[in-house]
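For reference, the structure discussed in these notes is given below.
The values are calculated or read from the model by the stated rules, or taken from the named source; none is laboratory data. Just so it is clear, the structure is predicted and the values come from calculations on it, not from any experiment. Because the Cβ atoms are built from the backbone with ideal geometry, glycine has one as well, and the counts that use them run over all protein chains shown.
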Amino acid sequence: MSQPTVAVVILNYNGKHHLQTFLPSVLASRFTGLRVVVADNASTDGSMELVAQLFPSVERLYNTRNEGFAGGYNWALSHVEADYFVLLNSDVEVTPDWIGPVIALMETDPAIAACQPKVLSYHQPHLFEYAGAAGGWMDVLGYPFSRGRVFDVCEADEGQYNDPQPVFWATGAAMFVRAAVWQEMGGLDARFFAHQEEIDLCWRMQLSGYRIMSCPASVVYHVGGGTLPRGGRKVYLNFRNNLLMMGKNLPLGEKLWKLPLRFLLDGVSAWKGLLTGDKGFFQAIVKAHWHVVRDWMSGRATPGPVHKKPMKSLAGVYYGSVVWQYFISKRQRFQEIIQRKIL
């Protein structure tokens, strides 16, 4: 039986420094027949000239405009053929044998549509990294968190999450995807632009009967926060995309109570920001809410899957409130939280 083909596709936007720093580790990956592709989202920093000069073996794709993470990967992967795609951020350092364990796991079950490695912090390698840690989860109200990361608290990696497990979502920082399922799902929702589009994709995959896995035998190190700076745009996209995703994928009975409650909780966060002097945070949430409501009322929101399932029937769902556990009960570690259920 022949080995499956794998294409690592790095979406780049003005990431010259990251490419120069981290591409060598990707090219040193030990996997036969690996393709490495840098897909450029209309950069202006000379990063693709650097790739052509220093890494001539890397395939290069050029987009004429910046379509964000979602649209950019939809465009890029339409030009790549392989059995598996790996969506890899430009600010990730990989280990030599990071690919083999994930592909071996996915090959054991055709229902595994996506999988992620263990993601540790590049600057603090003993800690899990914010974007995915050891696999993404979701609480009953749509708040994402991870095995090893809850809100802004990243745990030390002490081997506590070294077992491969089904999860709700796999990180877009280093996401292995079965190419046939990517095409079946229609890729990412381009309207998201950036933030939580990988969670939406994994949710849609689960609704279609597929599984999402974490494979901690594979390890990568992520810098994080390199694409969009912290600020109003990031806050806006996170709040907007999370609500759009819930509107798309929740069954009607859950939408009727979860969405109003989420609007209320988001409003509390917005007012807290305003009262503590962060006017931009407040404005970003108001703008996000307005755009979500406008899209729903105008019918412009992207339609979700036809067959929706209750959240509690999906893997990687904590059917309680991570907000309550974290802010009220002061439980900040993944294992402490999932053992409790308070809504």
Looking at this structure, is R333 out of contact with any strand residue (DSSP E or B) (no Cβ under 8 Å at 6 or more places or on another chain) and charged (D, E, K, R)? no
Residues in segment 267-279 that are surrounded by fewer than 17 Cβ atoms within 10 Å (Cβ to Cβ) and either touching a residue at least 24 places away in the same chain (Cβ under 8 Å) or not hydrophobic (A, V, I, L, M, F, W, C) (or both): how many? 7
Quick one: in segment 52-74, which of the residues that are out of contact with any Leu (no Cβ under 6 Å at 6 or more places or on another chain) and among the hydrophobic types (A, V, I, L, M, F, W, C) is surrounded by the most Cβ atoms within 10 Å (Cβ to Cβ)? F69
Of all residues in segment 315-343, how many are assigned to a helix (DSSP H, G or I) and loosely packed, with under 12 Cβ neighbours inside 10 Å? 1
Of the conditions (1) farther than 24 Å from K312 by Cα; (2) free of Cβ contacts under 8 Å to residues at least 60 places away in the same chain; (3) surrounded by fewer than 21 Cβ atoms within 10 Å (Cβ to Cβ), D163 fails just one. Which one is it? (1)
Could we say that E155 is buried (at least 21 other Cβ atoms within 10 Å of the Cβ) and modelled with pLDDT of 95 or more here? yes
Of everything in segment 185-204, what is outside any helix (DSSP H, G or I) and in contact with a helix residue (DSSP H, G or I) (Cβ under 7 Å, 6 or more places away or on another chain)? Give them in sequence order. G187, L188, D189, F193, A194, H195, Q196
Of everything in segment 289-314, what is exposed (fewer than 14 other Cβ atoms within 10 Å of the Cβ) and not polar (S, T, N, Q)? Give them in sequence order. W290, V293, R294, M297, G299, R300, P303, V306, H307, P310, K312
Only one of these conditions is not met by F327: (1) over 22 Å from I199 (Cα atoms); (2) aromatic (F, W, Y); (3) at pLDDT 95 or above. Which number is it? (3)
Can you pull out the residues in segment 107-125 that are among the charged types (D, E, K, R), in contact with a Phe, Trp or Tyr (Cβ under 8 Å, 6 or more places away or on another chain) and assigned to a loop (DSSP other than H, G, I, E, B)? none
Within segment 304-324, work out how many residues are under 21 Å from P164 (Cα atoms) and either under 19 Å from the mean Cα position of the chain (by Cα) or at pLDDT 95 or above (or both). 6
Is there any pair linking a residue in segment 91-116 that is more than 17 Å from G172 (Cα to Cα) to one that is surrounded by fewer than 14 Cβ atoms within 10 Å (Cβ to Cβ) and modelled with pLDDT of 95 or more, with Cβ under 6 Å and at least six apart or on different chains, and which? P96/A28; P96/R30; D97/R30
Within segment 33-86, how many residues turn out to be of a type in the set (G, A, S) and assigned to a strand (DSSP E or B)? 1
Considering A179, A174, which residue is aliphatic (A, V, I, L, M), within 14 Å of the chain's Cα centre (by Cα) and either buried (at least 18 other Cβ atoms within 10 Å of the Cβ) or within 16 Å of H222 (Cβ to Cβ) (or both)? A174
